[in-house]
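Where a number appears in this text, it was derived from the coordinates with a stated rule and is not lab data. A quick note: this is a predicted structure, and the numbers were derived from the prediction, not measured. Backbone-built Cβ (ideal geometry, glycine too); neighbour counts: all protein chains shown.
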Amino acid sequence: MSEPITSVDALSAAPVQPSSTRHIVEFTGDAAEFFRIWIVNILLSIVTLGIYSAWAKVRTNQYLYSHTKIAGHAFRYLANPIQILKGRLIAVAIFALIAVLNHFNPLVSLGVSLLMLFAFPWLLLQSLRFKMRMTSYRNVRFGFHGSYGGFLKYFIGLPVLSVFTMYLLMPYALKRMDEYVYNNVSYGGRRSTLSLEAGTYYSTAFKIIGMSFAIVIAMVIAVMITAVVGSMMGEIASQVLSFIVAGAFYIGLAVISRAMWTCVIRNYTYNNLKVEQLATFESNMEVISYSKLLFTNTLLVAFTLGLAYPWALIRLQQYRASCTTVLLSEEIERLTDPLQQDSSAFAEEASDLYDVDFALT
Amino acid sequence: MLRIEGVYLQPASTAHQAAVLIEPHAGWLEVQDAVTGTVLWQGTDYHADELLPGLPLRLGFADGSCFETSNTSQLPSKLKHHAKLSQIERSTVLALLAIVLIPLLCLWTYFRGIPALAYSLVPHVPAAVVASIDEQSLFTLDKTLLEASKLPIAEQTRLREQWLKDFNQAGSLQVPVKAIEFRDAPEVGANAFALPGGTIVVTDQIVELLKDQPDALLAVLLHELGHVQYQHGLKTIAQSAANAVVLAVVLGDLGSLQEVVVGTATTMVQASFSRDFELQADTFSTQALKQLGKSPNAFADALKAIVKSHDVDPNDEKGMLKYFSSHPAIAERIKNASN
Ligand SMILES: [Zn+2]
């Protein structure tokens, strides 16, 4: 699975990667095993009126993280269920307060909407920070260094601005969002860097819009044909058939446009992402195979009333892992995080609210 | 003695070495280098990650170092109970049982659990909030469905005073009636309703309809008094708010909550109580009529007259729904009230 890079490649990558080894990301989770964990956790969450859901989240994440491996080493999810429970209790208290205040005065909901606009960047920052801090690989933690101002600018400012340009600015805004997030991630104190061109974002957006038009036209034609054919079998048969055909096209459209965006943008992002002196990445997701996966997953989950969710999730993780390659330099063997080693400073930074999970993801 | 082979990971570092975990005496752990036997860590202060089927055991130490092993057949004595959950998660029988239990529990929670929880909160709602709910509701109703009463003021005062006197004679009131308001309601027709905070609204149409049957009209008022006494309005609000919160938690989505919450504010105005609440108020009314020495049939008379005024067949559930979404199976209620 891991083979030394050829000498030519090594030379071209020389300034950044002294000598790297290629590793395809592995995902070793088992659907049947995960199903049992998942369903028992749901049951316990209901029986405990939702309190156990914090433990369920930790266990689920731990299962998924621990089965994701690079070079034989697994990721680790470090969060404590109490941190997640705290976040959820605070959120529920706020919801209940809003629900009651709203009966007190219906105008409250208006104020809440406005407040949410400004709370959203903070929540996003908080949940990314928590998620990164709680992820470790080979006993070294990830970190996130974004700021409220940054999120306000790129996740509220730019999208709002793009509305006034008839969304022409939107692909650019999405590019800046991706760059902002990936430029603020660190591993063992080393920042990752990402620099992108907006061109790929625009061409992908236009391709998706063009393809959507084509699919909608195809759908109209297909529905008309079905209606004509079906009418020979009676009115009800015709309606049912048309409904099925339209539904299939609708799911197809949703799946393909989503797959197109994910594949192109993820490949582009990963192929340009690097952690100085430590790692570069490759992603080779394919629109057709990823669409097939999403489409069958959707049908699988829908027709089993959600019971097949664990299978769908495991399949997705397996596919994503198999499409991802990490090139690790030798430095990975002797990496230490000075901040994390100074445990008192680490604990101080982790105090209070920083250690509560307000997951948006 | 416990002895497990595994890997020791140095504090905040990717450096690691083969190591052995031993427990010389209960509670005390030692991690030794597998080759040299040097003690790498020892003590009682450690934290174990949740144990899961198919995953290694991980112990985290205060200095940021950690010990990992895929051999989970033996566990340190402190962690014995830890393994129980992962044993449950391994069971296929339990997984199958969960598939059956989960939908049943969801239904029970929705129909029994959440209402019970919500009702227990009702006594803790501050009086100021309760009062303002009535003001807000009446304000909204006046803007939409209701108009100022066309009854002479003197007639309003006479009826109000008579009813309040009857209320007091009917028994000791747990929750005071806040006010009795008269309104013209051409769209709603002959009806009366109780707002959550104890305000009773009576339409001109029902006063007109039952002007020759004062006992029947009193029976309707007593029914509304029943809603006030049992705090059906507040219970309904609490339940819809609790549903909104639970839904928001389940969906984990702030946007949906907004809709649900805003939705309840407007639906509350159309005040539809559950069938149980209606029957409870019906019983209250007939009991109170007996207390006042009046015929308990007066309430059935009122129901019959109201149904007739809306020109629907009491046995036609669909037609009834149109006018009486708040009064399910009215034929049954008339029968109950006639006994
Ligand atoms: Zn009623």
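Return B:Leu107, B:Leu292 ranked ascending by Cβ neighbour count within 10 Å, so the fewest neighbours appear first.
By the 10 Å Cβ count, ascending, the order reads B:Leu107, B:Leu292.
Which order results if A:Met224, A:Met166, A:Met285 are arranged by neighbouring Cβ count within 10 Å, fewest first?
A:Met166, A:Met224, A:Met285
Applying the Karplus parametrisation 6.51 cos²θ - 1.76 cosθ + 1.60 with θ = phi - 60° to the phi angles of the range A:30-39, what ³J(HN,Hα) value in whole Hz is obtained for each residue in order, glycine and proline being reported as x?
Residue by residue, the range A:30-39 yields 10, 4, 5, 5, 5, 4, 5, 4, 4, 5 Hz.
Once you place label points 7 Å from the Cα toward the Cβ at A:Tyr167 and B:Ser77, how far apart are they in nm?
6.6
What is the mean number of Cβ atoms from other protein chains located within 10 Å of the Cβ atom of each residue in peptide A:37-47, rounded to a whole number?
Whole-number average of other-chain Cβ neighbours for A:37-47 is 6.
Farthest toward the dipole's positive end in the range B:2-90, which of B:Gly64, B:His81, B:His16, given Cβ charges of +1 (Lys, Arg) and -1 (Asp, Glu) about the Cα centre?
B:His81
Is there a pair in A:Lys86/B:Lys78; A:Lys207/A:Lys292; B:Lys308/B:Lys335; B:Lys165/B:Lys294; A:Lys69/A:Lys131 whose C-alpha atoms are over 23 Å apart, and which pairs would that be?
Too far apart for the 23 Å limit: A:Lys86/B:Lys78.
Which one of A:Gly188, A:Gly234, A:Gly252 has the biggest mean-square fluctuation once chain A is modelled by GNM with Cα springs under 10 Å?
Largest GNM mean-square fluctuation: A:Gly234.
Tally Lys/Arg at +1 and Asp/Glu at -1 over every other residue whose Cβ is under 15 Å from the Cβ of B:Pro196; what's the total?
Taking every other residue near B:Pro196 into account, the sum is -2.
Given the options A:Ala91, A:Ala237, A:Ala56, which has the most mean-square fluctuation in a GNM of chain A, springs set between C-alpha atoms less than 10 angstrom apart?
Looking only at A:Ala91, A:Ala237, A:Ala56, the largest GNM fluctuation is found for A:Ala237.
Find how much the distance from A:Trp122 to A:Gln277 grows on full extension, using 0.36 nm per residue of separation minus their present alpha carbon separation; answer in nm with one decimal.
Roughly 52.6 nm would be gained on extension.
Averaged across A:330-337, how many Cβ atoms of other chains sit within 10 Å of each residue's Cβ atom?
3
Grab the other residues whose beta carbon is less than 9 angstrom from that of A:Glu276, score K and R as +1, D and E as -1, and report the net.
Charge balance near A:Glu276 sits at +3.
Residue-wise, which Karplus ³J(HN,Hα) couplings in Hz belong to the range A:285-296, taking 6.51 cos²θ - 1.76 cosθ + 1.60, θ = phi - 60°, and x for glycine or proline?
Going residue by residue, I get 6, 10, 4, 5, 5, 5, 4, 4, 4, 5, 5, 5 Hz, with x marking Gly and Pro.
To the nearest 20 debye, what is the magnitude of the charge dipole of the protein assembly as shown about its Cα centre, counting +1 on the Cβ of each Lys and Arg and -1 on the Cβ of each Asp and Glu?
With Lys and Arg at +1 and Asp and Glu at -1, about 500 debye.
If the convex hull of the alpha-carbon atoms of the protein assembly as shown is projected onto planes in all directions, what is the mean projected area in square nanometres?
Value for the protein assembly as shown: 41.4 nm².
I want to make sure I understand the PRE zone here: with the label point 7 angstrom from the Cα of B:Ser91 toward its beta carbon, which residues in the range B:37-63 have backbone N atoms less than 17 Å away?
Only B:52-53 pass the distance filter.
Enumerate the amide H contacts of B:Tyr46 below 5 Å, restricted to partners 5 or more residues apart or on another chain; note that Pro and chain-start residues carry no placed amide H.
none
Give the longest segment of chain A that steers clear of GluC sites (Glu not before Pro) in DSSP loops with at most 14 neighbouring Cβ atoms within 10 Å, not counting the sites themselves.
That gives A:1-196 as the longest site-free run.
Please report, in cubic angstrom per residue, the volume enclosed by the convex hull of the alpha-carbon atoms of chain B.
217
Could you calculate the FRET efficiency of A:Ala218 with B:Lys290 from 1/(1 + (r/R0)^6), where r is the beta carbon distance between them and R0 is 60 Å, rounded to 0.05?
0.25
Between B:Gln42 and B:Ile22, what length in nm is gained on full extension when 0.36 nm per residue of separation is reduced by their alpha carbon distance?
6.3 nm
So the label point goes 7 Å from the Cα of A:Gln239 along Cα→C-beta, right? Which residues of the range A:207-223 then have their backbone N under 12 Å from it?
none
Return the single residue from A:Ala227, A:Ala308, A:Ala259 with maximal mean-square fluctuation; model: Gaussian network over chain A, springs between Cα atoms under 10 Å.
A:Ala227
For B:Ala179, which sequence-distant residues (separation of 5 or more, or a different chain) have an amide H within less than 5 Å of its own amide H, given hydrogens modelled in the peptide plane?
Amide H to amide H, under 5 Å and 5 or more residues apart or across chains, B:Ala179 pairs with B:Thr199, B:Ile200.
Taking the Cα centre as origin and putting +1 on Lys and Arg beta-carbons and -1 on Asp and Glu beta-carbons, what dipole magnitude results for chain A, to the nearest 20 debye?
Using only the charged Cβ atoms, the result is roughly 420 debye.
If you rank B:His81, B:His232 by fewest surrounding Cβ atoms within 10 Å, what's the result?
So the residues, fewest neighbours to most, are B:His81, B:His232.
Restricting to DSSP H runs of at least four residues, report the calculated mean residue ellipticity at 222 nm for the protein assembly as shown, -39500 (n - 2.57) per run over all residues, nearest 500 deg cm²/dmol.
It lands at -18500 deg cm²/dmol.
Averaged over A:66-77, how many beta carbons belonging to a partner chain fall within 10 Å of each residue's beta carbon?
Other-chain Cβ atoms within 10 Å of each residue's Cβ, averaged: 2.
At 37 °C and 0.692 mPa s, what whole-number value in µm²/s does Stokes-Einstein give for the translational diffusion of the range B:2-90, with Rh from the Kirkwood sum over Cα pairs?
Reported coefficient: 249 µm²/s.
At 37 °C and 0.692 mPa s, what whole-number value in µm²/s does Stokes-Einstein give for the translational diffusion of the range B:42-155, with Rh from the Kirkwood sum over Cα pairs?
Here the translational diffusion coefficient equals 156 µm²/s.
Using only C-alpha positions, report the orientation-averaged shadow area of the convex hull of chain A, nm², one decimal.
The Cα convex hull of chain A, projected and averaged over all directions, gives 23.7 nm².
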